[in-house]
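Chemist: What follows is a structure written as structure tokens; I'll ask about it next.
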Amino acid sequence: MKIDMVVIRHRSAGAPHFLTQCVDAVIINAGDGAHEHPTQGLLDILTMTDCFPTIKGLNVSIIGDIMHSRVARSDVFGLTALGANVTLCGPRPFLPVELERLTDRGAIRVTTRLEEALDDCDVAMALRIQIERQGRQLFPSLREYHEQFGIRREHMDRYKDLVIMHPGPVNRGVELASDVVDHERAVILNQVTNGVAVRMAVLYLLSGFRDGEV
């Protein structure tokens, strides 16, 4: 078809990489399985730069279903490359074993305690529990998950400067209490807006256009 670009989202990890071996077009990964979601990582970092002057030294906690999250992996790679300190938090079954080895970099720590993840935290990124990718129930109930790992209004009152993010869609009352989703320090809608700009930029740059060109 002589196409120039392919935007692909696929349930199989590695599908975009495989496609690069089949066509000459530019391949843009819009999410592959539980592997990565690069443009989400870019928009998350852009949103953080709207709130903070620099990513270097920023304390970011990613909380929830790390095991099945492609967003978490892209955020970890992007944030650590820019000098942020990343904490991964969730129930033990949600924490991949291989992530423990990343702590050797010194910029990543792993915890199963929400309070430990929120202490000295600048940005808390809550992740959706992806039941459709789990294959089996990895925790007793949504209510118990919210009690142990859900960010609630009491946390917003305790941590006065905490910024809340979420890649969406949000399960209100599970990973975030409803009043936290609507809190003034929740920048979830900003992420959506920045997502449009970031993906426009990716298409523009990879299409070969530069300043002054039409």
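The values are calculated or read from the model by the stated rules, or taken from the named source; none is laboratory data. Computed from a prediction, not measured in an experiment: that's the story for all the values here. Quick reminder, even Gly has a Cβ in these numbers, built from the backbone with ideal geometry, and neighbours come from all protein chains shown.
Chemist: Would you point out the residue of the range 72-108, among those that are in a loop (DSSP other than H, G, I, E, B) and closer than 30 Å to Ser141 by Cα, that is modelled with the lowest pLDDT?
Modeler: Glu98
Chemist: Just name the residue that is surrounded by the fewest Cβ atoms within 10 Å (Cβ to Cβ) out of those in the range 42-76 that are over 16 Å from Ala126 (Cα atoms) and touching a helix residue (DSSP H, G or I) at 6+ places or on another chain (Cβ under 7 Å).
Modeler: The qualifying residue surrounded by the fewest Cβ atoms within 10 Å (Cβ to Cβ) is Asp50.
Chemist: Take Gly57 and tell me if it is farther than 18 Å from Gln191 by Cβ and touching a Lys or Arg at 6+ places or on another chain (Cβ under 6 Å).
Modeler: no
Chemist: Here are the criteria: (1) part of a helix (DSSP H, G or I); (2) over 14 Å from the mean Cα position of the chain (by Cα). Tell me which single one Ser12 does not satisfy.
Modeler: (1)
Chemist: Give the range 39-54 a look and list any residue that's among the hydrophobic types (A, V, I, L, M, F, W, C) and in contact (Cβ under 8 Å) with a residue 60 or more places away in the chain, or say none.
Modeler: Leu42, Leu43, Leu46, Met48, Cys51, Phe52
Chemist: Looking only at the range 158-206, filter to residues that are among the polar types (S, T, N, Q) and closer than 17 Å to Leu46 by Cβ; which one of those is surrounded by the fewest Cβ atoms within 10 Å (Cβ to Cβ)?
Modeler: Thr193
Chemist: If you don't mind, there's one more thing I want to ask. Being of a type in the set (A, V, I, L, M) and in a loop (DSSP other than H, G, I, E, B), is that true of even one residue in the range 23-32?
Modeler: Within the range 23-32, one or more residues are of a type in the set (A, V, I, L, M) and in a loop (DSSP other than H, G, I, E, B).
Chemist: Restricting to the range 31-68, name every residue that is of a type in the set (Gly, Ala, Ser) and touching a strand residue (DSSP E or B) at 6+ places or on another chain (Cβ under 8 Å).
Modeler: Gly31, Gly33, Gly57, Ser61, Gly64
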